[in-house]
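Enquirer: Please read through the structure below; I'll follow up with questions.
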Amino acid sequence: MAKIGRRAVSYKKSRFAPEKKRKMALLKLDILAIAVHPDDVELGCSGTLLMEKAHGKKTGVVDLTRGELGTRGTVELRAVEATRAGAILQLDVRENLGMADGFFRNDEVHQRLLIRAIRKYRPEIVLANALDDRHPDHGRAGHLIRESCFLSGLRKVETVDDAEQPQEHWRPKYVFHYIQDRYAQPSFVYDISPVFEAKLQSIKAYTSQFYSSGYAADEPQTYISSPEFLSAIVGRHQMFGKMIGVPYAEGFITEKMIGVQDFDAFVRMDT
């Protein structure tokens, strides 16, 4: 844990001045998206983050790894791309925990590191990686996030913040898993039509990862770097949108039953 923790703190020190770090420590988020790789959030749930921001919510992203095993680009470039995408998404905060890409585990060391971040930002809702997907990191991260959110609510699980002060326990009310490469029937879909173009821009901020005529590095093509991959992303969101009679939507899976107190949310949209 110490090794991972030191790497994460070093990353944060390089980006944030002490005064800004103190302000971040007091920041409570409404929505926290957690992803194993920088660009997972942009692909899976960035439209929802943009819509919630438009509704006045505080939003943030915690990336678990730096994506250092990616075939294309570098860690440094990926960090620049994540910052650029975060600006497009108007995030209140983006943090990277510095876990090892490909080799992190759903174990106590990694759970405690993530619990610290959950308790730091105290989100009401967490958006998380899929529980099963083509990339094994996605499913492993999905389970790590789900279990860490639960454990974060146990007061006898003790953690400390960056100043070595005890943290209060905190459990998000819901964990929603965004749908990634493999198709899954969503529990619900979120209309992102008003912000879909901004979502695409946040994805395209990762010029090293996805198709870009401006990225001239002599590197091999990958599963996600072709124009067809981006076309498939658009088609997926159109399909989810069609389910509720709108142009574009993002799909989510919840293991926890969603409760309502009135039908207003249902009658606002005729599908």
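Enquirer: For the range 162-200, name all the residues that are over 21 Å from the mean Cα position of the chain (by Cα) and either closer than 22 Å to residue 256 by Cβ or assigned to a loop (DSSP other than H, G, I, E, B) (or both).
Expert: Of the range 162-200, the ones over 21 Å from the mean Cα position of the chain (by Cα) are 162-169.
Listed by number, the residues that qualify are 162, 163, 164, 165, 167, 168, 169.
Enquirer: Turning to a different aspect of this structure: Please name all residue pairs, on different chains or six or more residues apart, with Cβ atoms under 9 Å, provided the first residue is in the range 154-166 and is without any contact (Cβ under 8 Å) to a residue 12 or more places away in the chain and the second residue is acidic (Asp, Glu) and open to solvent by 70 Å² or more (accessible area, probe 1.4 Å).
Expert: Within 9 Å, the pairs are 166/158.
Enquirer: In addition: If you check 71, 48, which single one turns out to be modelled with pLDDT of 95 or more and either in contact with a strand residue (DSSP E or B) (Cβ under 8 Å, 6 or more places away or on another chain) or not basic (Lys, Arg) (or both)? It would help to see each step written out before you state the result.
Expert: On the way: 71 fails: modelled with pLDDT of 95 or more.
Answer to the selection: 48.
Enquirer: Taking the criterion of being open to solvent by 30 Å² or more (accessible area, probe 1.4 Å) and touching a Ser or Thr at 6+ places or on another chain (Cβ under 6 Å), would at least one residue in the range 221-239 satisfy it?
Expert: The answer is yes; a qualifying residue exists.
Enquirer: Right, here's the next one. Limited to the range 35-60, what total is found for residues that are touching a residue at least 24 places away in the same chain (Cβ under 8 Å) and farther than 22 Å from residue 230 by Cα?
Expert: 6
The rows are residues; the columns are (1) within 20 Å of the chain's Cα centre (by Cα); (2) in contact (Cβ under 8 Å) with a residue 12 or more places away in the chain; (3) farther than 14 Å from residue 190 by Cβ; (4) part of a loop (DSSP other than H, G, I, E, B).
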{"site": "202", "(1), (2), (3), (4)": "yes, yes, yes, no"}
{"site": "206", "(1), (2), (3), (4)": "yes, yes, yes, yes"}
{"site": "214", "(1), (2), (3), (4)": "no, no, yes, yes"}
{"site": "235", "(1), (2), (3), (4)": "no, no, yes, no"}
{"site": "240", "(1), (2), (3), (4)": "yes, yes, no, no"}
{"site": "245", "(1), (2), (3), (4)": "no, yes, no, yes"}
{"site": "253", "(1), (2), (3), (4)": "yes, yes, no, no"}
{"site": "260", "(1), (2), (3), (4)": "no, no, yes, yes"}
{"site": "265", "(1), (2), (3), (4)": "no, no, no, no"}
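Enquirer: Exactly one of (1) touching a Phe, Trp or Tyr at 6+ places or on another chain (Cβ under 7 Å); (2) open to solvent by 40 Å² or more (accessible area, probe 1.4 Å) is unmet by residue 252. Its number?
Expert: Every condition holds for residue 252 apart from (2).
The values are calculated or read from the model by the stated rules, or taken from the named source; none is laboratory data. Everything numeric in this text was worked out from a predicted model, so none of it was measured. Virtual Cβ from ideal backbone geometry, glycine too; neighbours counted across all protein chains shown. With ligands, DNA and RNA removed, areas are computed over all heavy atoms of the protein, side chains included. Shrake-Rupley method; radii C 1.70, N 1.55, O 1.52, S 1.80 Å.
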